[in-house]
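Values quoted throughout were computed directly from the atomic coordinates according to the rules given, and no laboratory measurement underlies them. Computed from a prediction, not measured in an experiment: that's the story for all the values here. A quick note on method: Cβ atoms are made from the backbone with ideal geometry, for glycine too, and the neighbour counts reach across all protein chains shown.
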Amino acid sequence: MRDILGLWGDASDNIPGIPGIGEVTARKLIGEFGTVENLLANAGSISNEKLREKVLNFKEQALLSKQLATIILDVPLGFEEDKLIMEPPDKERLKKLFDELEFRTFAQRVFTWLSTTSHPDRALPEIPEEQPDQEPDPGIREPSSGTGHPISNIETTPHTYHLVDTPEKRIDLIDKLRQQDSFCFDTETTGLDPNSSELVGMSFSFRPSEAYYITLPDNYHEALSIVQEFRPVFEDEKIEKTGQNLKFDISILKWYDVEVKGKLFDTMLAHYLLQPDMRHNMDFLAETYLHYKPVSIESLIGKKGQGQLSMRMVDTALLKEYAAEDADITLQLRTVFEPMLAETGTRELFDRIEVPLVPVLASMEAEGVRLDTRALNEYSGELEKEIRMLEEAIYKDSGTSFNIASPKQLGEILFDRLNIVEKPKQTTRTKQYSTSEDVLVKLVNKHPVIEKILEYRSLTKLKSTYVDVLPALVNPRDSRVHTSYNQAVAATGRLSSNNPNLQNIPIRTEKGREIRKAFVPRNDNFLLLSADYSQIELRIIAHLSGDAGMIGDFRSGLDIHAATAAKVYGTGPEEVTKEMRRNAKVVNFGIIYGISSFGLSERLNIPRKEASDIIHQYFSKYPGIKAYMDNTVAFAREKGYVETMMKRRRYLRDITSSNATVRGFAERNAINAPIQGTAADMIKIAMIDIFRELSDRKLKTRMILQVHDELVFDLLKNEAEEVRMIVEEKMKNAIPMEVPVVVEMNTGTNWLEAH
């Protein structure tokens, strides 16, 4: 078996084998030659020329694969009988483990069982299978079963929640709020999208276990009048505001002509910096840090799809308890998180970047971007025609019609009917051939139908995911598309977006780029300005590593990929070919993600020995990069985390795992997180500084989109020169570095033209 795996490989265990040799061929060769070693020694006798060439080219990989498939039998394991005796568990260690793994319900049942039995050898009672947690939008209350109930410390402090439902009570509350240095607030709305929802009520708290809930009428104009009464306290810059996912509350209040001002404290963002890989919704935080289970939203409006009510239909007394609790619990969470920010050294990151970014993102979301829906509809028609033509061509090549979107039918056509290659492995669950993109790409030269199928998939995804969906996302309030930026999702610190997800709008293919044409300025007096960091992650690794060679290349203004190719291949810059530059580019960006020689050989489709030589040469020419990688992994092993230049932490609990695959993944994250995280911090700082400058100068240009390392602006034409200077200066100087930061800028009548 290990000899067969040496040739065939095993993708599930990362055993490469010899590319192009499957189970049947491996069995045949081992049946004939007995072992991998004997096969390699007699490779010249293989009659099939192509097979002989594969065996000779990948003989080292075959030997390595056999070694990887060999079970080691001489591990020095002694037999200690006393270690097998069942003993009571270490409750303190068990509790810490359950807390880390977020096994809250399981832990509750285990400790209940332990407290009621003195027989450690008795089996645990059967625990019903739980549904997996569904991560809601950050900050939104997580649905759960049952009504809210205290679990520990809040139980000893009865709460007092006031219903504010008269003008007199509102005046009294406003007077109380004006006297505070800080208060916590929360909004209840008809939905989760602030750009299409309305306020149902607002809650405030400024002392633990006490809160106030203001009811608002259904009529928007009547509600607006009441919200305006609270405008002076919301806009008082001397009063600090606390909230959970404040961006949502700030965004909804914008539709009621209220701008939240003053210092902010967001408990969701605080926890995001403290534990970036955990969940950050309020229910989870309350249970984890306050040992308190809040009132569930399902107890008010029912479960989704089962006659779920609107928040407006909930009994006022129940809604008061639910909404006031939000403000109360959030205020109490702040008292827990604030000292933790100081202890972990993340308070400056919180105050300098994450919190100031909240109003910036809220403004961008409220601004939205204009969409040329007519152009998208026309493009949808063009794509439909091309898709139909591809369908007919695929049917012709296949000799029959079938459901191209069905992996099962497609696999049968390709591997049973057309016999394109030796049949790939079938999945054990569905008993069907894999027709994933990575499988088909490798077969693209085997049959003309493969390329057409890949094109078909690309166009149908483009049409269904973007071209047909984007027009439906235009907001009827202002005829613009408003994406939602997620600030507390990616552990690296990067922003993501949804409804629509702008990060995934295709840019690599000509057909995909056409979508950007539909994003246009607000009117004829404006243009779109795109500002994009150039190779920012490579510049950051040059700075972090202090590698003199790479820093010198950037300072000289060289094409970094051509310069790298010249060093790695030992040639002059003028002798670097396109292929050499392409290989160097893959290495440059692959190094950031800890690419291996096997990964590089797969990416470039070259022998592993050649890939290994390229990486060896790379590190010999850029020794600082190698030192940075080694030192960063060592730091992670010692501390359990890595940091960006701005002290953003990424915890790596698997960095010392005994499982090599798991540990390797953590090591790659250790190398990449400080680089990607610093890039995220850099563009966030730039966004904050640009937003302030545009506001201070009272310019009409607006920042409207952020996608990876790119910012897009609705640029008033007569402000073009001034805005360009602001954007370039703030982006270049967001974080000082040892290498020049390059910002590429362009304008156009649509996003594609500007980019």
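Each of Thr70, Phe519, Ile46 was placed along the dipole of the chain (beta-carbon charges, centred on the mean Cα), and the one lying farthest toward the positive end is Ile46.
With unit charges on the beta carbon (Lys/Arg positive, Asp/Glu negative), name the residue among Val742, Thr435, Leu715 whose Cα is farthest towards the positive pole of the charge dipole of the chain. Farthest towards the positive pole: Thr435. Between Met389 and Arg697, the modelled labels are 4.7 nm apart [label points 7 Å from Cα along Cα→Cβ]. Between Lys91 and Ala41, with labels modelled 7 Å along Cα→Cβ, what's the label distance in nm to one decimal, could you check? So the two model labels end up 6.5 nm from each other. The alpha-carbon positions of the stretch 463-546 define a convex hull whose volume is 148 Å³ per residue. Divide the volume of the convex hull around the Cα atoms of the stretch 149-368 by the residue count and you get 132 Å³ per residue. Note on Phe103, Phe185: ascending count of other Cβ atoms within 10 Å places them as Phe103, Phe185, the fewest first. Ranked by how many other Cβ atoms sit within 10 Å of their own Cβ, fewest first, the residues Ile453, Ile71, Ile214, Ile171 fall in the order Ile71, Ile171, Ile453, Ile214. Residues of the stretch 191-217 with an amide N closer than 19 Å to a point placed 7 Å from the Cα of Asp172 along the Cα-to-Cβ direction: 202-216. Taking 22 Å as the limit for the C-alpha separation, the pairs Lys261/Lys684; Lys54/Lys396; Lys446/Lys585; Lys385/Lys517 exceed it in the case of Lys54/Lys396; Lys446/Lys585.
Over the stretch 66-109, the hull volume per residue, using the convex hull of the C-alpha atoms, is 164 Å³.
In a simple Cβ point-charge model (Lys, Arg +1; Asp, Glu -1; nothing else charged), the chain has a dipole of about 1900 debye relative to its Cα centre. The translational diffusion coefficient of the stretch 606-662, from Stokes-Einstein at 4 °C and 1.567 mPa s with a Kirkwood hydrodynamic radius over alpha carbon pairs, comes to 97 µm²/s.
In whole angstrom, note down how far apart the Cα centers of the stretch 170-188 and the stretch 628-688 are. Cα centroid of the stretch 170-188 versus Cα centroid of the stretch 628-688: 41 Å apart.
With R₀ set to 35 Å, the beta-carbon distance separating Arg312 from Asp277 gives a calculated FRET efficiency near 0.45. Counted by neighbouring Cβ atoms within 10 Å, the residues Thr400, Thr747, Thr483 run from fewest to most as Thr400, Thr747, Thr483. Across the chain, the mean sequence separation of Cα contacts (distance under 8 Å, 6 or more residues apart), normalised by length, yields a relative contact order of 11 percent.
The residue list Ser196, Asn605, Ala673 was ranked by how far each Cα lies along the charge dipole of the chain toward its positive end, using unit charges on Cβ atoms, and Asn605 comes out on top. When only alpha carbons are used to place a centre, the stretch 22-96 and the stretch 348-420 end up 40 Å from one another.
With both labels modelled 7 Å from their Cα along Cα-to-Cβ, the Asp468 to Glu451 distance reads 2.7 nm. For Arg2 and Ser620, a Förster radius of 35 Å and the Cβ-Cβ distance give a FRET efficiency of 0.50, rounded to the nearest 0.05.
The Kirkwood radius of the stretch 381-481, taken over pairs of alpha-carbon atoms, gives through the Stokes-Einstein law at 37 °C and 0.692 mPa s a diffusion coefficient of 217 µm² s⁻¹. Straight-line reach from Lys91: taking Cα to Cα under 15 Å and skipping same-chain neighbours fewer than 8 places apart, the aspartates and glutamates in range are Asp99, Glu100. Sparse packing (at most 10 other Cβ atoms within 10 Å of the Cβ) combined with a DSSP loop state is found for the following trypsin sites (Lys or Arg not before Pro) in the stretch 655-755: Lys698. The convex hull defined by the C-alpha atoms of the stretch 625-742 has an orientation-averaged projected area of 8.8 nm².
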